[in-house]
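The values are calculated or read from the model by the stated rules, or taken from the named source; none is laboratory data. On a predicted model such as this, the values are computed, not experimentally measured, just so you know. All Cβ positions, even for glycine, are placed from backbone atoms using ideal geometry, and neighbour counts span all protein chains on display.
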Amino acid sequence: MRINGDHHSVIPLLMLTEGETARVAWIDGGHGIRRRLADIGIIPGKKIGIVHGAGKGPRIVVVDETKVMVGRGMLHKIFVKL
């Protein structure tokens, strides 16, 4: 799923592959999930990248030089702009 708008593609973070980076466009979730992600630095406008992970498990992402593990459920809710 890619959403095109002003010459950029927006995709769920889950679709990035190891080594790719993008900017957080929005978070599809309620106050609780947005707050939990903000606590680890994942907010709209931040640069985020996939450090490690593939398949069905969680992935290690990097935000502000900090590596955190994010589960697949949350990866589906974080939309990034390429």
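Does region 23-34 hold any residues that are part of a helix (DSSP H, G or I) and surrounded by 15 or more Cβ atoms within 10 Å (Cβ to Cβ), and which are they?
I33, R34
Say whether the condition of being surrounded by 17 or more Cβ atoms within 10 Å (Cβ to Cβ), out of contact with any Leu (no Cβ under 7 Å at 6 or more places or on another chain) and not hydrophobic (A, V, I, L, M, F, W, C) is met by at least one residue in region 48-63.
yes
If I go through region 64-74 residue by residue, how many of them are surrounded by 11 or more Cβ atoms within 10 Å (Cβ to Cβ) and more than 20 Å from R23 (Cβ to Cβ)?
The total comes to 3.
Could you list, in sequence order, all residues of region 1-22 that are in contact with a His (Cβ under 9 Å, 6 or more places away or on another chain) and either in a strand (DSSP E or B) or at pLDDT 95 or above (or both)?
Hits for region 1-22 are P12, L13.
Out of all the residues in region 62-74, which are touching a helix residue (DSSP H, G or I) at 6+ places or on another chain (Cβ under 7 Å) and either farther than 24 Å from S9 by Cβ or modelled with pLDDT of 95 or more (or both)?
Hits for region 62-74: nothing passes.
Looking only at region 62-73, how many residues end up being over 15 Å from I33 (Cβ atoms) and touching a Gly at 6+ places or on another chain (Cβ under 9 Å)?
Of the residues in region 62-73, 5 are over 15 Å from I33 (Cβ atoms) and touching a Gly at 6+ places or on another chain (Cβ under 9 Å).
Confirm whether L37 is under 15 Å from V10 (Cβ atoms) and either in a helix (DSSP H, G or I) or touching a His at 6+ places or on another chain (Cβ under 9 Å) (or both).
For L37, the condition - under 15 Å from V10 (Cβ atoms) and either in a helix (DSSP H, G or I) or touching a His at 6+ places or on another chain (Cβ under 9 Å) (or both) - is not met.
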